[in-house]
Each structure stands twice: as structure tokens, then as C-alpha cells.
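Participant: Okay, handing you the structure first.
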Amino acid sequence: PHPGILQDILTRAQKHPSRDVIRQYMLRALKKAQYSEKPLGHYALAMKDYCHFTSPIRRYPDLMVHRMLKLLIDGDLSRAGKQAGRMPEIAATCSERENAATQAERQADSIMMACYMSHQLGRKYDGVVSGVTGWGLYVTLPNHAEGLVHIASMDDYYECDRERNQLVGCATGVVFRLGDQVRVRVVGTDVPRGE
């Protein structure tokens with residue numbers, strides 16, 4: 001869809017209790033950004049030609065763009081050509097390193113959140129269902145901690161309806177779906193695993 005449609009959905013969801021879940025699933029549905037030697041454009045900005053070189057989190061890609069611009073401004077086309085020949089490899093390495101850094105950041109965040117939540121055992125929270133699986137519900141708290149409510153700890157036998165992203169209680173008919181507000185109690189953490 002056109003980026004404007006996605007922005008409209010996010011704007012309309014702003015006051016909805018499930019806004020964070022909606023945003024999270026929308027981001028997951030988008031293709032991951034990749035560095036490339038070709039001008040692939042920018043989807044969200046709807047730009048055909050795009051080169052981003054000001055972000056402090058992308059230092060090496062920034063440096064490569066700056067170096068190429070300097071070579072071109074200086075008229076050093078021979079060195080620019082040699083450097084351009086290396087760009088596919090450099091772009092692939094930058095994409096791979098950025099993905100690795102993102103994974104490390106997520107893992108560190110999970111460990112720190114689990115550490116914090118380990119001091120909240122027994123405490124009750126209002127949260128939002130952010131994931132539904134055959135083994136339970138993932139619930140995100142206002143402090144952004146996400147935890148699993150295992151199906152074995154629930155008050156009924158629940159079956160997972162994957163098509164509708166919901167758990168349905170066999171005896172009670174109670175339904176839990178993405179975006180539902182729920183009350184949970186912290187019963188355990190695993191800090192080294194970030195859970």
C-alpha cells in the first residue's frame with residue numbers, strides 16, 4: 001500500500017488501546033531496510049532516489065557516502081570508480097552488521113527488562129495482548145516489558161485460532177485476542193534468557 005495509507009492507519013489508531021500492537025505488527029509486515037549500491041529509493045518517504053547519510057547509528061555507511069561525495073567533488077573519478085566497484089560488498093556487510101547490532105540491542109533490552117521485572121514478582125499489571133500462540137498469550141505492559149502467560153497457567157483449556165489470532169476457552173467460551181486489555185501477575189523471570 002501507499003505509505004500514506006499506513007500513516008492514516010497509525011493516526012486513526014493513536015487513541016486506540018491496541019495502538020502499540022497495531023504499530024508493532026505494521027512494522028513487522030514491512031520489508032527490512034537494506035543498504036545497496038543501487039538507488040532503490042525510500043518506501044516510507046515515497047522517494048525514488050534517496051541517500052541517507054546523517055544518522056548517528058549508521059556511522060560506517062555515512063562514512064562511505066561522505067568519502068564517495070568527497071571523491072566526486074574533488075573530481076577524482078578514478079578512485080571513485082574503484083570504490084564504486086566495492087560498494088555491493090560494502091553494502092551487504094553494512095546491512096549484515098546493522099542487523100546484528102539490532103539483534104544485540106533487542107537482547108540487551110530484554111535482559112535489562114527481565115532484570116527489572118525480577119524485582120516485581122507477585123505484582124499485578126494491566127497489559128495488552130501483543131501475541132497469541134498455541135502455548136499462550138504474550139502480554140505487553142505499560143513499561144514495555146513483554147511476558148508470556150502460559151496456557152497451562154490459565155483457568156480453562158484454550159485452543160489457538162491462528163487465523164483470527166485468538167485463544168478460545170473450550171469450557172467458558174472466553175476469547176483472548178490481539179489488542180485485548182488483560183490483568184496479569186508477574187510470577188517469574190529468567191534474566192540470562194531475557195524472559
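The values are calculated or read from the model by the stated rules, or taken from the named source; none is laboratory data. Quick caveat, the model's predicted, so the values are computed rather than measured. As a convention, Cβ positions derive from the backbone with ideal geometry for all residues, glycine included, and neighbour counts pool all protein chains shown. Ligands, DNA and RNA are stripped out before the accessible areas are found, and what is left, the full protein with its side chains, is counted by its heavy atoms. Shrake-Rupley method; radii C 1.70, N 1.55, O 1.52, S 1.80 Å.
Participant: Provide the descending list of Cα extents for the stretch 70-195 along its principal axes, expressed in whole angstroms.
Facilitator: 75, 37, 21 Å, listed from the longest principal axis down.
Participant: Could you please state how large a percent of the accessible area of the stretch 59-101 is carbon and sulfur, counting protein chains only and using a 1.4 Å probe? Please report the intermediate quantities before stating the final value.
Facilitator: Numbers: 1760 of 2900 Å².
Answer for the stretch 59-101 is 61 percent, counting heavy atoms of protein chains only.
Participant: In straight Cα distance, which aspartates and glutamates are under 19 Å from Lys70, not counting same-chain residues fewer than 8 positions off?
Facilitator: Glu37, Asp62
Participant: Between Gln107 and Ala171, what is the FRET efficiency for a Förster distance of 41 Å, r being their Cβ-Cβ separation, to the nearest 0.05? Before the final figure, lay out the partial values.
Facilitator: Values: r = 39 Å, r/R0 = 0.94.
E(calc), rounded to 0.05, equals 0.60.
Participant: Taking R0 as 25 Å, what's the FRET efficiency between Lys38 and Glu163 from their Cβ-Cβ distance, rounded to 0.05?
Facilitator: Numbers: r = 38 Å, r/R0 = 1.53.
Once rounded, the FRET efficiency stands at 0.05.
Participant: Give me the net charge for the shell around Leu10: Cβ to Cβ below 9 angstrom, other residues only, Lys and Arg +1, Asp and Glu -1. It would help to have the intermediate numbers written out before the result.
Facilitator: Details: positive: Arg12, Arg19, Arg23; negative: Asp8.
Charge balance near Leu10 sits at +2.
Participant: Still on this structure, I have one more. Give the aspartates and glutamates whose C-alpha is closer than 16 Å to that of Lys31, dropping any in the same chain fewer than 8 places away, or say none.
Facilitator: Once the sequence-local aspartates and glutamates are set aside, what remains near Lys31 is Glu96, Glu98.
Participant: Moving on to the next point. Lys and Arg at +1, Asp and Glu at -1: add these up for the other residues within a Cβ distance under 12 Å of Ile111 and post the number.
Facilitator: Values: positive: Arg106, Arg193; negative: Glu105, Asp109, Asp190, Glu195.
Taking every other residue near Ile111 into account, the sum is -2.
Participant: At what distance in nm do the modelled label points of Ala46 and Asp76 sit from each other, each positioned 7 Å from its Cα along Cα→Cβ?
Facilitator: The modelled label-to-label distance comes out at 4.0 nm.
Participant: Moving on to the next point. How far is the Cα center of the stretch 10-79 from the Cα center of the stretch 84-111, in Å?
Facilitator: 13
Participant: Compute the accessible area per residue over the stretch 33-174, keeping the other protein chains in place, probe 1.4 Å, unit Å².
Facilitator: On the way: 9660 Å² over 142 residues.
It amounts to 68 Å² per residue over the stretch 33-174.
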